[in-house]
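Take a look at the structure set out below.
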Protein chains: 2
Amino acid sequence: MGIRCRILWGEVAVRKPTIGIATVAAEAGVGVGTVSRVLNGSNQVNEATRIRVLSTIERLDYRPLRSASSLSKGRTDAVGILVSVITRPSVMARLVGVIDVLSDAGLDAVVFNVENRAQFERHLSSIIDQRRVDGIISISLRIPEERVTRIRKLGIPLVLVDNSLPNFPCVYIDDVAGGNMATKHLLSLGHRRVGFIGDNEHTALGKSSSEDRYVGYLMALEAAGIEPDFDLVARGPHTSEAAAALTSAQFELGQHRPTAIFASSDTLAVGVIKAAQHHGLKIPDDCAVIGFDNLDISSILDISTVNQPLLESGIKGASKMVSLLNGEIAKPHREELPLDVVPRGSSLGIQRNNSTKLYGVVEGPIGLQILQRGEELVS
Amino acid sequence: MGIRCRILWGEVAVRKPTIGIATVAAEAGVGVGTVSRVLNGSNQVNEATRIRVLSTIERLDYRPLRSASSLSKGRTDAVGILVSVITRPSVMARLVGVIDVLSDAGLDAVVFNVENRAQFERHLSSIIDQRRVDGIISISLRIPEERVTRIRKLGIPLVLVDNSLPNFPCVYIDDVAGGNMATKHLLSLGHRRVGFIGDNEHTALGKSSSEDRYVGYLMALEAAGIEPDFDLVARGPHTSEAAAALTSAQFELGQHRPTAIFASSDTLAVGVIKAAQHHGLKIPDDCAVIGFDNLDISSILDISTVNQPLLESGIKGASKMVSLLNGEIAKPHREELPLDVVPRGSSLGIQRNNSTKLYGVVEGPIGLQILQRGEELVS
DNA sequence: TCCCATTTCGGAACCGGTTCCATGGCATGC
DNA sequence: GCATGCCATGGAACCGGTTCCGAAATGGGA
């Protein structure tokens with residue numbers, strides 16, 4: 001009934017009495033079953049008894065052991081979250097949505113940060129083979145085929161956020177359409193030489209959002225009857241520094257340089273803008289820019305972008321997991337979230353017909369000249 | 001030995017045979033103890049036997065159940081991470097450090113996102129009372145006194161990151177000194193009217209970093225023999241919008257307006273800069289700005305700041321937790337991390353004597369004119 | 001050949017809740 | 001008064017690894 005003996009260094013035996021459910025039951029003069037029922041809020045217990053048990057629990061400062069409960073119940077009430085490079089703001093936002101929903105549902109959120117292939121494999125096998133969680137939510141990651149097969153065979157609940165896989169619940173966007181929208185936006189402003197700056201990190205372990213957006217870019221060009229110029233297409237690591245370097249190269253093409261650039265993420269768009277400034281090009285007059293994701297920074301820097309519901313994707317994904325674990329079938333198994341272009345100063349420039357007061361052009365080493373819609377910012 | 005029966009809807013009984021350690025033992029012709037030893041890498045097992053057991057495990061596709069192991073071992077191998085508003089980039093960076101170290105140590109990182117007092121209490125009691133984790137890491141949060149008492153009494157390992165508490169391991173910075181350094185930097189540039197923009201969110205549940213930095217600000221003024229002007233001190237929510245509004249009010253003081261502003265975080269500094277531009281003030285000539293934290297955005301926008309090792313704080317904090325759980329005493333129980341001023345364009349302006357080529361001043365609605373040290377960005 | 005130390009191994013007891021079945025008490029219906 | 005049914009309850013069996021003790025096998029030395 002909870003007496004553990006341990007011999008320390010050949011000295012006297014040390015008793016470490018643990019207060020378990022049996023102790024509580026004995027102390028309250030009831031059976032263990034009753035205590036368990038009280039703990040789990042069963043309505044099968046008399047009110048007077050319940051109160052007596054509760055007060056005993058209080059008095060003994062009894063705290064039920066989660067792992068014992070998990071063992072009996074056959075579930076951990078925890079969900080594993082596999083997350084690709086967590087530091088990316090877009091990934092972060094999704095993660096927050098996931099965590100909030102899970103914790104509201106009383107589920108533990110066990111986060112696994114995946115930064116390389118080896119780590120990915122290690123985490124996957126740890127999750128799958130050690131049965132430490134009831135389900136898996138994968139954010140912006142592409143799970144290797146053999147793992148998917150195994151997960152499917154074992155019947156482990158899996159939900160994908162920002163990716164999709166046949167026969168699994170998922171929440172995703174149409175990146176091709178998004179790339180198309182962004183490019184069309186630039187084309188609609190009259191640009192004919194539109195560049196593309198993307199990242200190449202999907203090769204590692206993520207989903208190839210950038211490549212999908214590139215496909216959309218090509219489609220938009222084709223629809224406009226424009227022959228793609230592959231000198232205006234470049235890919236590199238997912239950093240603004242890399243994007244700046246790639247863009248810089250395009251700006252050195254002289255009269256063949258792009259007059260507008262679609263960066264496959266806002267982070268890259270920042271680099272594009274840096275490069276433009278480096279070359280003395282005015283934005284958007286000399287070069288229009290649009291990004292993707294609608295991160296905080298794009299709003300701060302007044303960068304046009306394609307908005308996708310990041311937080312919401314996490315919320316919806318986690319909700320599907322909760323339904324799955326509760327045995328309810330998530331009705332719309334697969335869910336595509338809407339996208340929309342957010343036109344800002346980096347493509348539109350100052351809208352002269354905007355009646356609100358605009359910021360003047362400021363000189364100086366820092367000219368973070370932000371075009372705000374109206375005065376709300378400094379209200 | 002692992003046969004579970006369940007009656008479904010009054011239909012036939014369904015047998016769900018589970019493959020447990022006993023099955024493996026029987027199948028391999030050994031005892032359960034041996035299988036367990038193999039699983040845990042004990043060296044008390046003959047090589048031939050080990051191989052036989054491993055192949056049986058492989059053949060049966062046996063996966064040990066984490067919660068059973070936890071129950072016997074008396075530990076969960078999981079650590080709870082309490083995190084204040086996770087979306088803040090500074091908090092995020094610390095979290096990443098923590099998660100990486102924990103997962104390297106084979107510990108699960110269970111993340112609890114705390115956004116309000118009620119959530120905080122709920123998560124705390126869930127963690128403490130349900131014994132779901134072996135230890136707690138608290139990031140940028142101030143734990144209520146009564147909870148601390150309880151944690152201490154129960155002997156739950158607790159590590160604080162970006163905060164400190166007597167007799168608990170912690171990793172922190174000297175915010176007072178940081179505020180002092182930032183303000184001194186501005187004073188050293190000749191400014192006498194230095195404003196302070198801080199946040200007031202510590203009242204809720206976080207640590208009062210902003211207030212500590214304010215104290216440092218006051219000390220620096222005093223050391224310079226400057227009487228503080230409380231018209232130049234303002235606090236609001238932790239958003240650049242709020243900071244912009246507060247700053248704007250200061251700029252309307254006419255000749256009494258500040259010529260330099262210390263913002264207690266980079267996020268706020270962005271708002272300060274927005275407000276300056278709104279008022280047609282050049283930075284840093286008309287108003288110098290320094291922030292705090294050295295976030296990505298401050299580097300992108302060339303904002304002077306005070307650097308603190310964010311990722312490192314997480315790494316060190318988690319390492320302390322690992323030591324604690326391993327029974328090793330974390331030697332330097334409390335650890336203060338170093339701070340340093342990172343002077344950038346928002347306070348220094350263009351350094352004319354810098355030999356590297358500088359970006360020209362660009363006109364246009366977006367003049368994200370970033371002063372880079374050298375060409376490495378567009379290399 | 002016998003003795004003792006070492007290595008390897010089997011398996012019962014145990015970790016601490018959960019669940020299900022048996023039981024007792026009480027009210028209702030005939 | 002007795003059968004019936006429901007509610008509340010006790011407690012044994014169970015969940016599936018871990019650990020420890022005792023024992024068997026092995027090997028080396030006298």
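The values are calculated or read from the model by the stated rules, or taken from the named source; none is laboratory data. In this text the structure is predicted, and so the values were computed from the model without any measurement. All Cβ positions, even for glycine, are placed from backbone atoms using ideal geometry, and neighbour counts span all protein chains on display. Ligands, DNA and RNA are excluded from the accessible area calculation, which covers all protein heavy atoms including side chains. Shrake-Rupley method; radii C 1.70, N 1.55, O 1.52, S 1.80 Å.
Test of understanding: among A:42, A:67, which residue is within 11 Å of DNA strand C (Cβ to nearest atom) and either among the charged types (D, E, K, R) or more than 14 Å from every other protein chain (Cβ to nearest Cβ) (or both)?
A:42
If a residue must be more than 10 Å from chain A (Cβ to nearest Cβ), open to solvent by less than 20 Å² (accessible area, probe 1.4 Å) and of a type in the set (A, V, I, L, M), how many such residues does the range B:244-269 contain?
5
Picking from B:200, B:167, B:180, which residue would you name as being under 26 Å from residue B:88 (Cβ atoms) and open to solvent by 50 Å² or more (accessible area, probe 1.4 Å)?
Only one candidate passes the filter, namely B:200.
Out of B:142, B:132, I need the residue that is under 23 Å from residue A:66 (Cβ atoms), away from DNA strand D (no atom under 16 Å from the Cβ) and either modelled with pLDDT under 95 or of a type outside the set (A, V, I, L, M, F, W, C) (or both). Which one?
From the options B:142, B:132, the qualifying one is B:132.
In the range A:24-38, which residues are open to solvent by less than 70 Å² (accessible area, probe 1.4 Å), near DNA strand C (Cβ under 8 Å from one of its atoms) and closer than 16 Å to residue A:68 by Cβ?
Those that are open to solvent by less than 70 Å² (accessible area, probe 1.4 Å), near DNA strand C (Cβ under 8 Å from one of its atoms) and closer than 16 Å to residue A:68 by Cβ: A:24, A:33, A:35, A:36.
crowded, with 20+ Cβ neighbours inside 10 Å, within 13 Å of chain A (Cβ to nearest Cβ) and not aromatic (Phe, Trp, Tyr): is that true of residue B:280 in this structure?
no
Test each condition in (1) within 12 Å of chain B (Cβ to nearest Cβ); (2) closer than 20 Å to residue A:208 by Cβ for residue A:131 and report the one that comes out false.
The failed condition is (2).
Being touching a helix residue (DSSP H, G or I) at 6+ places or on another chain (Cβ under 7 Å) and not charged (D, E, K, R) is the filter here; which residues of the range A:39-64 pass it?
A:44, A:45, A:49, A:53, A:54, A:56, A:57, A:60, A:62, A:64
Name the pairs whose Cβ atoms lie under 9 Å apart, with the first residue in the range A:31-44 and farther than 15 Å from residue A:63 by Cα, the second near DNA strand C (Cβ under 7 Å from one of its atoms) and open to solvent by less than 50 Å² (accessible area, probe 1.4 Å), and 6 or more positions between them or separate chains?
A:42/A:36
In the range B:242-277, what residues are farther than 19 Å from residue B:176 by Cα, in a helix (DSSP H, G or I) and of a type in the set (A, V, I, L, M)?
Result: B:242, B:243, B:244, B:245, B:246, B:249, B:270, B:272, B:273, B:275, B:276.
For every residue, the table says whether it meets (1) in contact with an Asp or Glu (Cβ under 9 Å, 6 or more places away or on another chain); (2) modelled with pLDDT under 95; (3) of a type in the set (Phe, Trp, Tyr).
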{"position": "B:218", "(1), (2), (3)": "no, no, no"}
{"position": "B:233", "(1), (2), (3)": "no, no, no"}
{"position": "B:247", "(1), (2), (3)": "no, no, no"}
{"position": "B:254", "(1), (2), (3)": "no, yes, no"}
{"position": "B:264", "(1), (2), (3)": "yes, no, no"}
{"position": "B:276", "(1), (2), (3)": "yes, yes, no"}
{"position": "B:282", "(1), (2), (3)": "yes, yes, no"}
{"position": "B:318", "(1), (2), (3)": "yes, no, no"}
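Please tell me if residue B:313 is touching a Lys or Arg at 6+ places or on another chain (Cβ under 6 Å), in contact (Cβ under 8 Å) with a residue 40 or more places away in the chain, closer than 29 Å to residue A:275 by Cβ and open to solvent by less than 30 Å² (accessible area, probe 1.4 Å).
no
Could you pull out the residue among A:63, A:59 that is out of contact with any Pro (no Cβ under 9 Å at 6 or more places or on another chain), away from DNA strand D (no atom under 12 Å from the Cβ) and open to solvent by 90 Å² or more (accessible area, probe 1.4 Å)?
Unique residue meeting the criteria: A:59.
Among (1) out of contact with any Lys or Arg (no Cβ under 7 Å at 6 or more places or on another chain); (2) at the interface with chain B (Cβ under 10 Å from one of its Cβ atoms), which single condition is residue A:37 missing?
(2)
Go through (1) within 12 Å of chain A (Cβ to nearest Cβ); (2) open to solvent by 30 Å² or more (accessible area, probe 1.4 Å); (3) part of a helix (DSSP H, G or I) for residue B:147 and report which single condition fails.
The number of the failed condition is (1).
Just for the range B:100-109: of the residues that are touching a residue at least 12 places away in the same chain (Cβ under 8 Å) and surrounded by fewer than 24 Cβ atoms within 10 Å (Cβ to Cβ), which one is nearest to the other protein chains (Cβ to nearest Cβ)?
B:100
Each row is one residue, and each column tells you yes or no for (1) crowded, with 18+ Cβ neighbours inside 10 Å; (2) under 26 Å from residue A:239 (Cα atoms); (3) of a type outside the set (Ser, Thr, Tyr).
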position: A:136; (1), (2), (3): yes, no, yes
position: A:161; (1), (2), (3): yes, yes, yes
position: A:188; (1), (2), (3): no, no, no
position: A:210; (1), (2), (3): yes, yes, no
